[in-house]
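The structure appears below as structure tokens.
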Amino acid sequence: MRVFRPVASLLLAIAIAAMAGAPASAQEWGAVSGTVTASDSGFPIPGTTVLVAGTNFGTATSTEGDYTLRLPIGQYVLRFSSVGFETRFDSVTVRSGRTTYLDRVLSPSTTELDAITVESTREVGAGVFGISPEQVRNMPTPMPDALRALRVLPGVVTNNELSNQFSVRGGGFNENLFFVNGFEIFLPFRPRTGEQEGLSLINPEMVESLTLYSGGFPVRYGGKLASAVDARYRRPNTGQDSLMVAGHVSMLDAGLTASNSALDGRLGWMVGVRKAQARRFFETQELEGEYRPDYTDAQAWLGYRFSPGVELEWIGMLAENEFRLDPNGRKTFFGTLSQNELLAPSNLQSLWIRFDADNEEIDAYQTLFSGLRLSARLTPSFRMEHDVSLYDTEETEFLDLSGTAILYQVDPGAENPDEGDGLFPTGSSRQEDAADNQIDVRTATASGRYLFTSGRHAFETGWSMRSLRFEDRLSEKSVVAGRATNGETVRIVADSLNDAATLSTRQISFHADDVWDVLSDEPGRLTITAGVRVDGFAFTDEWTVSPRASFTFKANPITTWFGSVGLYHQAPTYRELRGKPEIGESILGALNTDLLSQRSLQVVLGGEYFIPSRRFFFRTEAWYKDIDNLISYDIENVRVLYSGENDGSGQGYGLDLQLRGELVPGMESWLNYSYLRAREQFDTAYQTDRNQGWVSRPTDQRHTVSLFVQDYIPSDPTWRLHLRTLYGSGLPYTPPVPGEQLGNVVEQIPGDRHSARYTRFFRFDVGATKEIPPERTGSRMRLELTAEILNLFDMINTVSYSWVPDAAGIWQRIPTRLTPRTINVRLTARF
């Protein structure tokens, strides 16, 4: 039995990561020092920027014009720049443990430059965070996945490496928007566990940019409360060497991507295929059995330019994700192990589940997406886009699981409890779960955008019309059986629903905004964006109006302030409308036609400061949300269960901090800390003695730390290291309390709402990559061999609890744990 101390573990992980980001040894680093002076006067030039060319790694000269820059051994080109002087480039060789002296003289220039050079193409604004495709691919994760990579960004809450669902700044899993090239896509509508979800629809090998709007997002993104994820796929290169191919194969997945252009660059295409069979990864869990996951994804992009400014593009996606499990049994040890039995006795327990023969679980997701867009630039200042898209998904869930669960008290001194030594039975029960569910969702969307620039203004208007159709079939039942005092079997029906329903409805929206570059004599210094969005939802016959505004102000070359304020509405879709049907209630009868859109007033204020001497960015954002017409929900593993009522109001506030920069030239790293508070209060009509006053929301993860470090071995830059750490304090859940007693089995009913918390979530993933450049392969091909250790410290993380009664009828809490330490090896080829 292992005992971990969360704070100590977290500090240890950060310390190791920090050491990895520091010089590997003094003998593999050297330094460049010198003085920068003016050619006309000979005086030193303070504040001169000294960079490794093409990177943001460098320093700045002191008031005496002196600088010292530590670098890994090798050859570099340094860039010297200062306001009022010509930029100069000089080469230098850095030797092990030695200082190379390089004094430089800069000539005056009539061209005005920024006093401090900041090599960055990042979009800076309230709640805007970006991550590059290369960083996504380098990040050690079970499978290369764009959405799983977003967890290292500020404000993102997560506690499950198996799922691509996440929460942003206290919002729910269903409160995030996802776009690929401006087309909206969707996550699975009704997953039960993370294993079922498979690959997300965003292919990281096809991505050119990935942006998370964690708050204050523009009016063109609408319909959700928490965030918007905007993925832009790259365009194929033009020219003689336009063909690009990338492929990888690992112990868990494989993929192939190719792109090219033709007809003098007027025609471009890109295709990507991915397949994952992560059996080895899932088999590390406590639930034993035959895992047969099979995730397949194929995507294509095609673009044709009719004439300058007129282009037609099409994007298509086909995904088939299937998860099969034939369970055998489960052994879970839990409780406490004392090091001093006199002060605090041990209470170590174990749950053993034996499943019946021929049990099976099959979950499948089949998704088809197709989008077509025509873009036309009619004048240099006017452009318009019109597009149509179709999204169709079929989700099926089949369960036939039954078995006997036995609770044991474990003797801490037993030599081999995993084989049954020192186990004393304290209770048993039998559970039967059956389900044959299916949901078909089809959305058809048409939209238009019109963009016009005039002077210092950039205007945008747009519209969207969407039809939605949901076909839902539910047939599920869950039974817990035990023994009565007279020896007879008592069966408690925990959940039962057998019905089907169809819902068809429409949505329509309009938006308009203006981006105003306020200061004519200082372009780009102060930018104000103001807009409004109008949405209509036919099923509830509701219209909403969402005004929003934001600003960005560059106070000086190293300090930028930004903020936003606005209203956000989320119209109820099928999951919210249906809520949780009672036993015996039909699905259509549970649909709430009076349900209103949730409304959130959001305020964000923050700033970013550039530290010239270390070339690091320090960023901070404070945010506040006020929510009314709230639809409360619960989370079971990753499944969201809505109440189906506007039953309360909510609040959220928090602080996000980020330190970001290059520890070595050309490789960016960052450290985030987030604090948040998300709470809700039920209206009088929906209050019970279990939900009085302000209570935590399901996503109230108070403290979150994420760390991503990139490094290389100075003596051999073809060896790269990548580290990722995720830490989150425990999320709240509602513990059960005893209800009616039937024999020796006591029903469990919900206790005080969200009055307990899961244990902290913490994992540390590390990867090492050896690059074989084209000159070594004798061709255009570049090879990379990567080895990863996932969950390096083998931390125990709990995603949910199940409950099993003991012999006294008292329900015992059984943790459902995530994956332990896993090793993965990947080979990648690019040309």
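Some observations on this one:
- Three principal axis lengths of region 270-417 [C-alpha, angstrom, descending]: 84, 41, 20
- Computed on the Cα atoms alone, the convex hull of the chain gives a volume of 188 cubic angstrom per residue.
- The alpha carbon gyration tensor of region 294-369 gives principal lengths a ≥ b ≥ c with a/c of 1.5 or higher and a/b no greater than b/c, which makes the shape oblate.
- Calculated mean residue ellipticity, 222 nm, the chain: -1000 deg cm²/dmol, from DSSP H runs (n ≥ 4) at -39500 (n - 2.57) each, averaged per residue and rounded to 500.
- With protein chains left intact and a 1.4 Å probe, residues in the chain average 42 Å² of accessible area per residue.
- Most positive-pole-ward Cα, L399, F355, Q165, against dipole of the chain from beta carbon charges: Q165
- Environment charge of Y568, counting only residues whose C-beta is closer than 14 Å and scoring Lys/Arg +1, Asp/Glu -1: +3
- Measuring nothing but alpha carbons in region 655-785 and taking Rh as the Kirkwood radius, the Rg to Rh ratio lands at 1.28.
- Region 628-704 versus region 606-620: alpha-carbon centroid distance in Å: 27
- Using every pair of separate Cα atoms, the Kirkwood estimate puts the hydrodynamic radius of region 697-762 at 15.7 angstrom.
- Stokes-Einstein D (µm²/s) once Rh is taken as the Kirkwood radius of region 174-290 over alpha-carbon pairs, at 10 °C in 1.306 mPa s: 93
- The angle between the Cα long axis of helix 6-21 and the longest principal axis of the Cα atoms of the chain comes to about 30 degrees, rounded to the nearest 10.
- Region 592-663, relative contact order in percent, only Cα pairs under 8 angstrom and at least six apart counted: 34
- Here the contact order of the chain, divided by its residue count and restricted to Cα pairs under 8 Å and six or more residues apart, works out to 11 percent.
- Whole-Å semi-axes of the ellipsoid equivalent to region 269-332 (Cα gyration tensor, √5λ, descending): 43, 9, 7
- Given charges at beta-carbon only (K, R positive; D, E negative), |dipole| of region 271-362 in Debye: 320
- Relative contact order for region 359-489, counting Cα pairs under 8 Å that sit 6 or more residues apart, in percent: 25
- Selected from F470, Y686, Q602, residue furthest toward positive end of dipole (the chain; charges at beta carbon): Q602
- Cα-centre dipole for the chain with unit charges at Cβ (Lys and Arg positive, Asp and Glu negative), debye to 20: 2180
- Shape analysis of region 209-276 yields a ratio of the Cα radius of gyration to the Kirkwood radius, Rg/Rh, of 1.14.
- Cα extents of region 388-447 along the three principal axes, largest first (Å): 68, 22, 15
- Placing unit charges on each Cβ (+1 for Lys and Arg, -1 for Asp and Glu) gives the chain a dipole about its Cα centre, and among A458, A258, A756 the Cα reaching farthest toward its positive end belongs to A458.
- Surface composition of the chain: carbon plus sulfur atoms hold 55% of the accessible area, using a 1.4 angstrom probe and ignoring ligands, DNA and RNA.
The values are calculated or read from the model by the stated rules, or taken from the named source; none is laboratory data. From a predicted model like this one, the values you see are computed outputs, not experimental measurements. In this analysis, Cβ positions are derived from the backbone assuming ideal geometry, glycine residues included, and neighbour counts consider all displayed protein chains. The protein model used for the area step is the full one, side chains on, heavy atoms only, and it has no ligands, DNA or RNA in it. Shrake-Rupley method; radii C 1.70, N 1.55, O 1.52, S 1.80 Å.
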